[in-house]
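Peer 1: Supplied in structure tokens, the structure appears directly below.
No value in this document is a laboratory result; all are computed from the given coordinates. Everything numeric in this text was worked out from a predicted model, so none of it was measured. Note that each Cβ is placed from the backbone with ideal geometry, even for glycine, and that neighbours are counted across all protein chains shown.
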Amino acid sequence: MVPVLRRMTYLEKLTLSLRVGGKNSFIDGTYLNNYILNQMAHLHTFHFDIVTESVSMNEQQPKPTPDDIRRTFTEIGYHVDCYIDYEFYNSGRCHVY
């Protein structure tokens, strides 16, 4: 999906509903900004609903909190809410909207 969005450089409005699985970290504001938004200079309206699920969590690393995820979006100018559900077997799910 990221390569397709990167080619839409002149897009002005975007509504994105995305469900991603099998990653080793949640999609946060830093990821979104670095891999998608920086490529879309004309984008001025962006609505999104992003779920990252089945994320493998390392027991030795601290697990991000909802405030950690929210902060990454606030730093790039988006006010969001989110929830995180840490499941069994070191797996997590994060929903940002």
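Peer 1: Of the chymotrypsin sites (Phe, Trp or Tyr not before Pro) in the stretch 8-39, which ones lie in a loop per DSSP and count no more than 10 other C-beta atoms within 10 Å?
Peer 2: Y10
Peer 1: What share of the DSSP beta bridges in the chain is antiparallel, in percent to the nearest 5?
Peer 2: Of all bridge pairs located within the chain, approximately 55 percent are antiparallel.
Peer 1: May I ask you to list the trypsin sites (Lys or Arg not before Pro) in the stretch 1-47 that are in a DSSP loop and have at most 12 other Cβ atoms within 10 Å of their Cβ?
Peer 2: R7
Peer 1: Please give, to one decimal in nm, the separation of the simple spin-label points placed at S54 and D68, each 7 Å out from Cα toward the Cβ.
Peer 2: So the label points at S54 and D68 sit 2.3 nm apart.
Peer 1: In addition: Count neighbours as other Cβ atoms within 10 Å of each site's Cβ, and list the GluC sites (Glu not before Pro) in the stretch 25-97 that are DSSP loop with at most 16 such neighbours.
Peer 2: E59, E75
Peer 1: In whole Hz, what ³J(HN,Hα) sequence does the stretch 18-32 give by Karplus (6.51, -1.76, 1.60; θ = phi - 60°), x for Gly and Pro?
Peer 2: 9, 10, 10, x, x, 9, 10, 7, 6, 6, 10, x, 5, 4, 4
Peer 1: May I ask you to derive the relative contact order of the chain, considering only C-alpha pairs under 8 Å and at least 6 residues apart, and to give it as an integer percent?
Peer 2: That works out to 31 percent.
Peer 1: Which of V51, V96, V4 comes first, and how do the rest follow, when ranked by fewest Cβ neighbours within 10 Å?
Peer 2: By the 10 Å Cβ count, ascending, the order reads V4, V51, V96.
Peer 1: Long-range amide H contacts for S91: which residues qualify at under 5 Å (H placed 1.01 Å from N, peptide plane, sequence gap of 5 or more or a different chain)?
Peer 2: M57
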